[in-house]
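Trainee: Pasting a structure below so you can have a look.
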Amino acid sequence: MSRKDRMSGNEAVAFAIRQVNPDVMPAFPITPSTEIPQMVSTYIANGEMDTEFIPVESEHSSMSAAIGSEAAGARSMTATSSCGLAFMWEELLVAASNRLPVVLTLVNRTLSGPININCDHSDGMGARDTGWIQIYAENNQEAYDNYIQAFPIAEDKRVHLPVMVCQDGFITSHAVENILVEEDEDVKEFVGEYHPEEFLLNPGKPVSVGPYAVSAYSMEAKYNQELAMEASKEVIAEVAQKFRDKFGRGFTFFEEYRTEDADYIMLIMGSAAGTAKEAVDELRDAGVKAGVLKLRVFRPFPEDEIAKALRGCKAVAIMDRCESYNGNGGPLSSEVCAALYRNEVFIKTVSYVYGLAGRDFTVDSAKKVFSQLEEAAKGVKIKQHTYVGLRTKS
């Protein structure tokens, strides 16, 4: 049975880690995720879990150790942020290509430079093509729920890929909210035990992990990795449904907020979705048919589902909390526009960049975006790749 509690996002994830009780957790501290391994190590010291905690000398070593333990057949996870994820870069690719279901809790923080410790999605988006499943949370409840669902997704035989569970640095990681948590036994039953068929230290059945692959085999390995990513969509949907059946909350690839009759939709990820929903409520009271499509799963990218959800609106704002430096917009904008085109959904799209390095995104900011969508729907040419809340001389 669910019970109410007050927790920060970091506390909620650490609490979920205690309940899952993974076999191994290597970790190296970095703001704003430091609290997670700190809290887990306290649980271990207090005898509340028996995870093998490995303090390492860097984030690269953290992911290397997680790869080693996962390859040996142990359920493994770690936590990081920002430059720590960037330092893991080589190992992220190794984990995914070796089909190791490691779970990484990522507390999103801007990448340097300039140096900044606040939230944007440049770290997670920078790793979008490493072969990891990526799930984003709006609030502390979703950070908790997503973490519990990550292991059944990653360890499913149809998938066997690592999962990145993302939440916004400081905005959710350090802010305290009322959430529902589940009983330990219910979480353990939902996650289940991990019994891999193939692993490095399986006596009598030796396997090679991470071998050199010549050209005659390497491309097929990458293709199979892609097939697993595609198969993960079905598994994500199944796990989400089982979670709803057991605990009564959650959604699959995205949440649709007042979109059923919306003329203007804002597509957004992470904590700013709450701000966008508040703007939608105010606009609805004023007679404007606005809605929010909050993306939960970025990898695998739910292209067809997004196109279907947006098909009936007049204009959509695509909100990136990350800059791609391609001169045209952020990564979310590029992929959504491609999804719409391939599905022959020809609606007005406007690309925005917001909230970089923790810049405020307010209800008024969101309402101004919706106002521009109304103009775009009327045929007014709206500037693409606009920065929201940018300081100017005027």
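The values are calculated or read from the model by the stated rules, or taken from the named source; none is laboratory data. All figures in this text were calculated on a predicted structure; none of them were measured in a lab. In this analysis, Cβ positions are derived from the backbone assuming ideal geometry, glycine residues included, and neighbour counts consider all displayed protein chains.
Trainee: Would you tally the residues in the stretch 140-181 being charged (D, E, K, R) and either at pLDDT below 95 or over 27 Å from residue 272 (Cβ atoms) (or both)? Step through it out loud before you land on a result.
Mentor: Quick first cut of the stretch 140-181, residues charged (D, E, K, R) only: 142, 145, 155-158, 168, 177.
Adding the requirement that they be either at pLDDT below 95 or over 27 Å from residue 272 (Cβ atoms) (or both) leaves 155-158.
Qualifying residue count, the stretch 140-181: 4.
Trainee: If you go through the stretch 141-191 one residue at a time, how many are touching a helix residue (DSSP H, G or I) at 6+ places or on another chain (Cβ under 9 Å), in a loop (DSSP other than H, G, I, E, B) and either charged (D, E, K, R) or not assigned by TED's automatic domain parsing to the domain that holds residue 221 (or both)?
Mentor: 4
Trainee: In contact (Cβ under 8 Å) with a residue 24 or more places away in the chain and part of a strand (DSSP E or B): is that true of residue 138 in this structure?
Mentor: Details: in contact (Cβ under 8 Å) with a residue 24 or more places away in the chain: yes; part of a strand (DSSP E or B): no.
No: the conditions fail for residue 138.
Trainee: Moving on. Just wondering, is there one or more residues in the stretch 207-217 that are closer than 26 Å to residue 37 by Cβ and touching a helix residue (DSSP H, G or I) at 6+ places or on another chain (Cβ under 6 Å)?
Mentor: The answer is yes; a qualifying residue exists.
Trainee: Do you know which residues across the stretch 364-394 are more than 28 Å from residue 114 (Cβ to Cβ) and in a helix (DSSP H, G or I)?
Mentor: Answer for the stretch 364-394, where residues must be more than 28 Å from residue 114 (Cβ to Cβ) and in a helix (DSSP H, G or I): 367, 370, 371, 372, 373, 374, 375, 376, 377.
Trainee: Within the stretch 333-361, how many residues turn out to be surrounded by 14 or more Cβ atoms within 10 Å (Cβ to Cβ), part of a loop (DSSP other than H, G, I, E, B) and more than 22 Å from the chain's Cα centre (by Cα)?
Mentor: Summing the residues that are surrounded by 14 or more Cβ atoms within 10 Å (Cβ to Cβ), part of a loop (DSSP other than H, G, I, E, B) and more than 22 Å from the chain's Cα centre (by Cα) in the stretch 333-361 gives 3.
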